[in-house]
Amino acid sequence: MIRIVAAAAALALAGPALAAVDGEVAWDGLVEVKSQKLDEVHLRPQADFRGYTKVLIDPTEVSFRKNWQNEQNRDRRGLGNDVTDADARRILDEAQRSFQRLFADAYTEAGYEVVSAPGPDVLRLSTAIVDLDVVAPDVMEPGRTRTYSREAGEATLVVEAKDSLTGELLGRAVDERETSDMGPFIRNSVTNAAAFEQVFQRWARTSAEGLAELKALSPLDPSALQARR
């Protein structure tokens, strides 16, 4: 199982229906709306996504769940296969590269140009994977052992969308997902990566498709969103 919690604007906001929750504006100027595809979505009233044809994607930040490495090594005590700092760094780097690639690919396939500089038609997307929890990490240990686990792990994915020139925050969302492998449940760097990539890819595609819906709804009117519930 992988649990993905995603905070996003413009991107993973897809869902045939978005409905205003209570119309109250939060401290950051966003209004919470309901989505059929995400648990929590916050949008800026009257935000207009129609002019964005390009995306600027910041490097994804990745971090483990608190005490993840210490708890892994406590469970492995006496087995001689501790998760080293090098192992932990490798897992973080692989997760970062995987998500960054899939995220950019999804927007490219959806027809958006991925650029490296701000512009009037550029939407800036910032992503972070936090609380990453790999249940049975593959470590660089002497000899070969097999590790079995039904779950690959879980993570929290945070994304925000802003206008690339003004820095204005346009939206944020939260989504929780679970998925299970069909087996066999051998855990190594290959099977772990495949399990996480499956969720990352699904989320990335939903994210890119969501921008098309936001364009169709722009400028965003909470009362109109409520009517589409």
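Excluding residues on the same chain fewer than 8 positions from residue 34, give the lysines whose Cα lies under 27 Å from its Cα.
Correct list for residue 34: 54, 162, 215.
What FRET efficiency do you get for residue 28 and residue 84 if R0 is 30 Å and r is their Cβ-Cβ distance, rounded to the nearest 0.05?
0.15
How long is the range 38-130 along each principal axis, judged by its Cα atoms, biggest number first, in Å?
Principal-axis extents of the range 38-130 (Cα, largest first): 59, 26, 20 Å.
Grab the beta carbon distance between residue 66 and residue 97, set R0 = 30 Å, and tell me the FRET efficiency rounded to 0.05.
Computed FRET efficiency for residue 66 and residue 97 comes out at 0.80.
Say R0 is 30 Å: what FRET efficiency, to the nearest 0.05, do residue 130 and residue 48 get from their beta-carbon distance?
0.50
Quick note: the coordinates plus some simple rules give every number you see, no bench work behind them. Quick caveat, the model's predicted, so the values are computed rather than measured. Glycine also receives a Cβ, built like all others from the backbone with ideal geometry; neighbour counts cover every protein chain displayed.
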